């Protein structure tokens, strides 16, 4: 799709999405909040003014092609954050940049163009147009952009096929299952080829089996499309399955950002530790955490594992062999061997 939004010349060095010091305080506007020193106020002081802080001083970057998950319990502020990132809700204070562009300084017309051309959004409730068939729903964002009918329908058919709904182009939403309706929502959000993909608890209203299938579908799509994705959920298992990095929120604040491994092995505080307490380490920790340095000449044996394998996937091989097990990178170069003692300690929860 054509995109007439200017892109930074050094786009590879600029985060696709960046926010700094985002506050969302209901009951206060920007000038009152900043003039009163609201960022230094306690909860009691904010409440005394009739203000409620839903997001507190949130800062993070999202790299190109990264799946960045924001998670927390209900009321933690995670959905408010994603709405601030797209300016569906106006932040009270802070900065939001899309490829180096100041989103909060954009005019209404410019903001609308950015949303249409750079952002795709999927929400918990499917929000399909009941009087349009699948093809019409998926093509709708392109119709809004005045794309010619033949072009938008061709693109819509591509997206419908991509999400596995080929043959259902003429079905109406009421004729589809919940999982199929959400696939239509996913296809619609991808129709304009967005640079940033926002998904706000998109699977939480679905049955567990359908939810698991759509998580797999999301991973398949991400493997093909490499979208910069911000995914909101309250489900830790879902986060671990799909995330490159996870931000955990508590009472409006981001309390830790890290890979699933980092959160499980090095929780920042008791709140995070309670979150990850019951996560099976073997499903999260990668071979890179149980490696001892060595060259290929130092490792004798025929067994090999990849440095990015999760322990659960290679545990039978490690436990079933008495030989040294080489660890190779994605290029097939031996970078070390498995440290069996550390493997056992991690699985036992003592490392």
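Rule-based calculations on the coordinates, nothing more; no lab input. Just so it is clear, the model here is predicted, and its values are computed rather than measured. All Cβ positions, glycine included, derive from the backbone under ideal geometry; neighbour counts span all protein chains shown.
Some notes on this structure:
- Region 202-242 - Kirkwood radius from inverse mean 1/r over Cα pairs (Å): 10.7
- Cα-based equivalent ellipsoid of the chain: semi-axis lengths in Å, sorted from largest, via gyration tensor: 37, 29, 19
- With N as its number of residues, region 92-171 has a Cα radius of gyration that, divided by 2.2 N^0.38 Å, comes to 1.34.
- Whole-angstrom gap from region 269-292 to region 222-260, using each part's C-alpha centre: 15
- Over region 286-348: Kirkwood hydrodynamic radius from C-alpha pairwise inverse distances, Å: 11.4
- Relative to the current alpha-carbon distance between residue 268 and residue 348, full extension at 0.36 nm per residue lengthens the span by 26.8 nm.
- Folded to 0 to 90 degrees: helix 108-118 orientation relative to the chain principal axis, Cα: 40
- Largest mean-square fluctuation among 147, 14, 276, in a Gaussian network model of the chain whose springs join Cα atoms under 10 Å apart, belongs to 147.
- Its convex hull of Cα atoms gives region 132-177 a direction-averaged projected area, equal to a quarter of the hull surface, of 3.0 nm².
- Sum of -39500 (n - 2.57) over DSSP H runs of 4+, divided by residues of the chain (222 nm, nearest 500): -10500 deg cm²/dmol
- With N as its number of residues, region 12-80 has a Cα radius of gyration that, divided by 2.2 N^0.38 Å, comes to 1.32.
- Most mobile of 15, 173, 280 in a GNM of the chain (Cα contacts under 10 Å): 280
- Approximating the spin labels as points 7 Å out from Cα along Cα→Cβ, the residue 36-to-residue 111 distance works out to 2.2 nm.
- Convex hull of region 1-141 built on C-alpha atoms - directionally averaged projected area, nm²: 10.9
- Between 83, 188, 56, the residue with the greatest mean-square fluctuation in the GNM of the chain (Cα pairs under 10 Å linked by springs) is 83.
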